[in-house]
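Asks: Pasting in a structure now, in structure tokens, and then I'll have a few things to ask.
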Amino acid sequence: MTFKFTRYIFPLVAIVLFTASCSKQEKTEEGIVKINKNGIPVMMPLQEELPRLSKAYLNDKRYGVSRFFEKTWSEKNDNVAFLVAKDGQIIYENYMGFANKRTGEMITKDMPLHIASVSKVLTSTAVLMLIDAKKISLDQKLNTIITNFPYPEVTIQTLLNHRSGMKNYAYFTFENGNWDKHKTLTNEDIVTVMVEKEIPLETKTDTRFSYCNTNYAMLALVIEKVTGLTYAEAMKEMIFNPLGMTNTFVFDINKDRDIIAPSYKGNNMEIGIDYLDGIYGDKNIYSTPRDILKFDKARYAPFFLNADLLKKVYKGYSYESKGTRNYGLGIRLIEWEKGEPFYYHNGWWHGNTSCFINLRKEKVTMIVLSNKYTKKTYQTKRLAALFGDYPFKLNDDGEE
């Protein structure tokens, strides 16, 4: 079967040469930021060698992970791309099912799938890099960047940690005929509807947590305004190309609808494209587990972000209600009274589900993508019990 994603594959040699010839290091008060010839910060691969895993360790963990996979993804019609790694080294991966039932294309290690809200982890990373490079600041008001933005108290930080108080664009564009659903909605259109239809905030800014895709659609606009590039171009220049993420791209509804892997309901019925599929930042990145592993490994580089900013990424911001769940800057976390916090991000869009887990203490990465709706994707958290002191039961079939 001919692979249909060739136009997204870039020669690795060219990427290395691009990075070497077009980047420089700029010294800041906190550390070193990598800046390319266009004055834009770029994410660099981890240069330090992480410890090599022993054969005994690999065999032991591979056995446990494979048992989990075989028990969880046991049906013949499952669609899944699955990878578990430690210290950047793949312990176990498996790919099964159809990427596209109409063409017969199968899911492989090189087949990009929609990563749904795991896209937020990458969007937030680009924003944090711009903050680290002093292009913007965490406490900067959004209306200083998007001039017609109607909510004066919303800041970059309240977008990143879902405390802006805004309503979900999927709802307020759907209601009261606020948008013609025969027309593709864009990120800029969201702001226009907010202004022209006088959409009120759901809650006062920075008073409570409310997970909302509108926040990250606005952050994509921030990236565009600050870099002077489209979101797709900026993500490619800042993250995808420098890290050699050759099978990762931002979906363009006008160009890519015929070449992407479609998504399916649980009964295998294909789900079509709708008017919300033009929005990016909150979703609409296609990638593979191997590419996301490259991204996650690079986040351990000492020059990725300055230490103070990195600490702010992995802390909770919402304690109005007692509980273990919280949200940092582009990452979900579970905080228990004892033990390490659990960092992750799940996703769901149409039939696509995704799970990204980052056990930072153990340097373990888990990535699961499926283009057929299933809650099995989210059971991956139970594997954390194999690698550290996390209160999940590996043999628990219950759903969270």
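Asks: I'd like the full set of residues that are surrounded by 18 or more Cβ atoms within 10 Å (Cβ to Cβ), among the β-branched types (Val, Ile, Thr) and farther than 19 Å from residue 318 by Cα, limited to the stretch 158-189.
Replies: Within the stretch 158-189, 173 is the sole residue that qualifies.
Asks: Being within 27 Å of residue 43 (Cβ to Cβ) and either without any contact (Cβ under 8 Å) to a residue 40 or more places away in the chain or within 17 Å of the chain's Cα centre (by Cα) (or both) narrows it down to one residue among 253, 239; which is it?
Replies: Working: 253 fails: either without any contact (Cβ under 8 Å) to a residue 40 or more places away in the chain or within 17 Å of the chain's Cα centre (by Cα) (or both).
Exactly one residue qualifies, and that residue is 239.
Asks: Moving on. Just to check your reading of the model, which residue among 322, 381, 372 is in contact with a Lys or Arg (Cβ under 9 Å, 6 or more places away or on another chain) and more than 23 Å from residue 46 (Cβ to Cβ)?
Replies: 372
Asks: Of everything in the stretch 226-244, what is of a type in the set (Val, Ile, Thr) and surrounded by 19 or more Cβ atoms within 10 Å (Cβ to Cβ)? Give them in sequence order.
Replies: Taking the stretch 226-244 first, the residues of a type in the set (Val, Ile, Thr) are 226-227, 230, 239.
227, 239 - these are the residues of the stretch 226-244 that are of a type in the set (Val, Ile, Thr) and surrounded by 19 or more Cβ atoms within 10 Å (Cβ to Cβ).
Asks: If the Cβ limit is 7 Å and pairs must be 6+ apart or interchain, which residue in the stretch 128-140 that is crowded, with 16+ Cβ neighbours inside 10 Å pairs with which residue that is small (Gly, Ala, Ser)?
Replies: Listed pairs, sorted by first residue: 131/137.
Asks: Would a scan of the stretch 134-142 turn up a residue that is touching a strand residue (DSSP E or B) at 6+ places or on another chain (Cβ under 7 Å), assigned to a loop (DSSP other than H, G, I, E, B) and among the charged types (D, E, K, R)?
Replies: The answer is yes; a qualifying residue exists.
Asks: Scan the stretch 78-86 and tell me whether some residue there is modelled with pLDDT under 85, surrounded by 20 or more Cβ atoms within 10 Å (Cβ to Cβ) and touching a Pro at 6+ places or on another chain (Cβ under 6 Å).
Replies: No, because not a single residue in the stretch 78-86 is modelled with pLDDT under 85, surrounded by 20 or more Cβ atoms within 10 Å (Cβ to Cβ) and touching a Pro at 6+ places or on another chain (Cβ under 6 Å).
Asks: Just give me the residues in the stretch 363-398 being charged (D, E, K, R), modelled with pLDDT under 95 and within 15 Å of residue 71 (Cβ to Cβ), in sequence order.
Replies: Hits for the stretch 363-398 are 393, 396, 397.
Asks: Also: Report yes if some residue within the stretch 246-266 is among the basic types (Lys, Arg) and either outside any loop (DSSP other than H, G, I, E, B) or surrounded by 24 or more Cβ atoms within 10 Å (Cβ to Cβ) (or both); otherwise report no.
Replies: We begin by selecting, within the stretch 246-266, every residue among the basic types (Lys, Arg); these are 255, 257, 265.
Retained after the next criterion (residues that are either outside any loop (DSSP other than H, G, I, E, B) or surrounded by 24 or more Cβ atoms within 10 Å (Cβ to Cβ) (or both)): none.
No, the stretch 246-266 has no match at all.
Asks: Of all strands (runs of 3 or more DSSP E) completely enclosed by the stretch 27-112, which ones contain at least 1 residues that are under 17 Å from residue 366 (Cβ atoms) and among the charged types (D, E, K, R)?
Replies: 80-86, 89-96
Asks: Could you check the stretch 316-339 and list, in sequence order, the residues that are exposed (fewer than 15 other Cβ atoms within 10 Å of the Cβ) and either more than 15 Å from residue 359 (Cα to Cα) or without any contact (Cβ under 8 Å) to a residue 40 or more places away in the chain (or both)? Walk me through how you get there before you give the answer.
Replies: Residues of the stretch 316-339 exposed (fewer than 15 other Cβ atoms within 10 Å of the Cβ): 319-325, 336-339.
The answer is 319, 320, 321, 322, 323, 324, 325, 337, 338.
The values are calculated or read from the model by the stated rules, or taken from the named source; none is laboratory data. Everything numeric here is computed off the predicted structure, so don't read it as measured data. Neighbour counts are summed over all protein chains in view; Cβ atoms, including those assigned to glycine, are modelled from backbone coordinates with ideal geometry.
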